[in-house]
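**Student:** Below are the structure tokens for one structure; questions will follow.
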Amino acid sequence: MKERARILIVGGGYVGMYTALRLQRQLKPELKRGEVEITVVSPDPYMTYQPFLPEAAAGSISPRHVVVPLRRVLDRCRIVIGEVRSIDHAKRTATLTTLATEEEGAGAEQITYDELVLAPGSVSRTLPIPGLADFAIGFKTVEEAIGLRNHVIEQMDIASSTRDPAIRDAALTFVFVGGGYAGVEALGELEDMARYTARYYLNIKPEDMKWILVEASDRILPEVGEEMGRYTVSQLRRRNIEVRLETRLNSCADRVAVLSDGARFPTRTVVWTAGVKPHPLLAATDLPLNERGRIECTPRLTVDGVPHAWAAGDAAAVPDVTAEPGKETAPNAQHAVRQAKVLGDNLAHTLRGEPLETYSHKYVGSVASLGLHKGVAHVYGRKLRGYPAWFMHRVYHLSRVPTFNRKARVLAEWTLAGLFKREIVSLGSLEHPRAEFELAAGGKPPTDPKGSS
């Protein structure tokens with residue numbers, strides 16, 4: 001081992017956090033002796049457990065329990081809150097900006113390293129659709145999940161108080177684009193929440209609301225299999241949710257969702273969950289990328305043909321040794337968490353001059369929640385639906401959420417939610433916390449002082 005090995009981990013998501021956590025355990029003696037330095041650069045001071053975002057949006061879990069503080073978990077690492085803008089691996093340097101560099105006005109700074117772990121994750125894959133950037137909302141972060149919850153309840157408030165039937169109909173129409181995990185689970189949980197919330201409005205009934213799922217392919221939830229996908233469609237339609245397959249969103253300008261089948265829906269809510277793409281940072285590196293923009297990796301999670309560089313998760317094209325040649329592991333949390341452990345072990349092996357391990361994990365199945373006590377699952381060849389699938393969904397993700405602290409808090413919230421009624425409060429003003437004070441102080445009132453609507 002070198003006198004002092006500097007490890008730079010770019011990204012604080014599944015791969016970034018779990019790799020750093022693994023390195024803390026594997027290199028504990030070296031860290032104590034000062035022979036290793038681990039730096040984690042992340043735009044957020046926390047890791048978001050994304051499978052819990054739909055339940056956070058529905059109010060079943062508090063937002064702070066969906067995230068894991070990096071500084072608490074990675075107490076032996078140096079945490080830098082900032083964004084890496086480019087990487088010159090040939091020179092072992094990364095250019096990044098932080099809140100401090102913005103305040104100082106000195107521009108980006110550089111950080112040097114010996115070993116690089118690139119795990120920036122993915123970003124929403126958007127299309128040049130008119131009105132999408134102006135009116136749609138994504139569903140990848142806890143802020144978006146809570147903002148969407150507030151927005152849905154605000155629309156019910158608007159519909160309850162307006163005398164204009166056009167405004168009422170638009171407020172009670174919710175369009176979700178994308179039939180993968182994020183879209184289906186978000187739609188299922190929020191529709192469930194809104195139906196429950198409607199009982200507290202004298203002039204809104206559940207059947208007054210219109211929920212629409214738009215999917216470009218011929219089925220939804222491909223991860224749980226074709227049969228479970230068809231079952232999910234039938235269950236959603238039984239709840240008066242329109243599922244439009246082989247349909248695309250052509251425009252949402254002027255708050256009107258125009259679909260490829262000619263349908264038009266005036267709406268104030270368009271949720272975009274139509275897939276992800278590799279992080280733009282990958283294009284600003286000198287590392288090899290495949291045709292999809294992901295880093296070319298080996299089964300040992302090293303960057304193909306590049307020494308001292310590692311990658312995993314959504315940003316990496318990792319060969320699947322359990323499948324036929326040419327196949328890659330799916331960019332999902334199940335692989336990311338397991339890849340991070342192997343990556344951390346292999347990096348420790350490299351520093352100690354030991355042989356590397358090969359990442360091998362056969363995909364065992366998927367679980368998805370469709371709302372309270374409703375779900376689908378396809379695990380180890382067995383197909384479950386309804387309450388058993390929903391229960392398996394909760395048990396699985398409770399076992400996977402990091403730290404005992406988070407497990408206990410989430411379990412406590414689920415227990416209390418079973419004993420008491422749902423919370424139906426909208427806190428949209430959190431998005432503009434200074435609005436009321438600015439107005440009282442004589443400032444110009446914002447165009448949207450109380451929420452996202």
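**Student:** What relative contact order, as a whole-number percentage, does the range 304-347 give when Cα pairs under 8 Å and 6 or more residues apart are counted?
**Tutor:** Relative CO of the range 304-347 lands at 38 percent.
**Student:** Measure off 7 Å from each Cα along the Cα-to-Cβ vector at ILE167 and SER399, then give the distance between these two points in nanometres to one decimal.
**Tutor:** Between ILE167 and SER399, the simple spin-label model gives 5.1 nm.
**Student:** Using the scaling law 2.2 N^0.38 Å as the reference, what is the normalised Cα Rg of the range 208-350?
**Tutor:** For the range 208-350, the normalised Cα radius of gyration is 1.38.
**Student:** Heavy atoms only, probe 1.4 angstrom, no DNA, RNA or ligands counted: give me HIS349, HIS89 ranked by accessible area, highest first.
**Tutor:** Sorted descending by solvent-accessible area, the residues read HIS349, HIS89.
**Student:** Another question about this same structure. Along the charge dipole of the chain, which of ALA309, ILE38, ALA263 sits closest to the positive end, that is, farthest toward it, with unit charges on the beta carbon of Lys, Arg, Asp and Glu (+1, +1, -1, -1)?
**Tutor:** Working it through, the farthest residue towards the positive pole turns out to be ILE38.
**Student:** Same structure again: Pulled fully out, how much extra length does the chain show between TRP414 and ALA253, if you take 0.36 nm times their separation in residues and subtract their Cα-Cα distance?
**Tutor:** This chain segment gains 54.0 nm when fully extended.
**Student:** Another question, if that's okay. Could you rank the peptides 28-38, 332-342 by their average count of other C-beta atoms within 10 Å per residue, with the highest value first?
**Tutor:** 332-342, 28-38
**Student:** Quick one: which of 189-195, 386-392, 325-331 comes out on top by average Cβ neighbours within 10 Å, and what's the full order, highest first?
**Tutor:** 189-195, 386-392, 325-331
**Student:** Moving on. Under a point-charge model restricted to the Cβ atoms of Lys and Arg (+1) and Asp and Glu (-1), what is the dipole moment magnitude of the chain relative to its Cα centre, in debye to the nearest 20?
**Tutor:** Once rounded to the nearest 20, the dipole reads 1420 debye.
**Student:** Further question: With a cut-off of 8 Å between alpha carbons and a minimum separation of six or more residues, what is the relative contact order of the range 126-220 in percent?
**Tutor:** RCO, the range 126-220: 28 percent.
**Student:** In addition: Return the lysines within reach of LYS327: Cα separation strictly under 30 angstrom, same-chain partners fewer than 8 residues apart disregarded; answer none if there are no such residues.
**Tutor:** Straight-line reach from LYS327, under 30 Å: LYS140, LYS277, LYS341, LYS362, LYS383.
**Student:** Give me the number: length gained by fully extending VAL123 to GLU143, i.e. 0.36 nm times residue separation minus the C-alpha to C-alpha distance, one decimal in nm.
**Tutor:** 5.7 nm is the gain from fully extending VAL123 to GLU143.
**Student:** Here's something else I'd like to know. Hey, quick one: spin label on ARG434, modelled 7 Å out along Cα-Cβ, who in the range 81-108 has an amide N within reach, i.e. under 19 Å?
**Tutor:** 99-105
**Student:** Let me make sure I get this right: for the range 156-197, a, b and c are the square roots of the gyration tensor eigenvalues over alpha carbons, sorted descending. Under 1.5 in a/c it's rounded, otherwise prolate if a/b > b/c, else oblate. Which is it?
**Tutor:** oblate
**Student:** Skip the ligands, DNA and RNA, and give the accessible area per residue of the range 302-453 with a 1.4 Å probe, whole Å².
**Tutor:** It amounts to 55 Å² per residue over the range 302-453.
**Student:** May I ask what percent, to the nearest 5, of DSSP beta bridges between residues of the chain are antiparallel?
**Tutor:** Restricted to the chain, the bridges split so that about 50 percent are antiparallel.
**Student:** Leaving out ligands, DNA and RNA, and with a 1.4 Å probe, what % of the accessible surface on the chain is carbon or sulfur?
**Tutor:** 53
**Student:** How far, in degrees from 0 to 90, does helix 404-419 lean away from the longest principal axis of the Cα atoms of the chain, to the nearest 10?
**Tutor:** That helix lies at roughly 10 degrees to the long axis.
**Student:** A further question on this structure: Per 0.36 nm of contour for each residue apart, how much would the distance between HIS308 and SER86 grow if the chain were fully extended, relative to their Cα-Cα spacing?
**Tutor:** 78.2 nm
**Student:** Counting pairs of alpha carbon atoms under 8 Å apart in space and at least six apart in sequence, what relative contact order in percent does the chain give?
**Tutor:** Relative contact order here is 18 percent.
**Student:** So how far, in whole Å, is the C-alpha centre of the range 11-84 from the one of the range 224-246?
**Tutor:** Here the two parts' Cα centres lie 36 Å apart.
**Student:** How far is helix 333-352 tilted off the main Cα axis of the chain, in degrees rounded to 10, range 0 to 90?
**Tutor:** That works out to roughly 10 degrees.
**Student:** If you roll a 1.4 Å probe over the heavy atoms of the protein chains, what accessible area per residue do you get for the range 49-197, in Å²?
**Tutor:** Ligands and nucleic acids excluded, the result is 40 Å² per residue.
**Student:** Same structure, new question: Setting aside same-chain residues fewer than 8 positions from LYS407, which aspartates and glutamates have a Cα under 18 Å from its Cα?
**Tutor:** Within reach: GLU55.
The values are calculated or read from the model by the stated rules, or taken from the named source; none is laboratory data. Computed from a predicted model, the values in this text were never measured in an experiment. Cβ sites come from the backbone with ideal geometry, for glycine too, and all protein chains shown count toward neighbours. The area values use the complete protein model at the heavy-atom level, side chains included, leaving out ligands, DNA and RNA. Shrake-Rupley method; radii C 1.70, N 1.55, O 1.52, S 1.80 Å.
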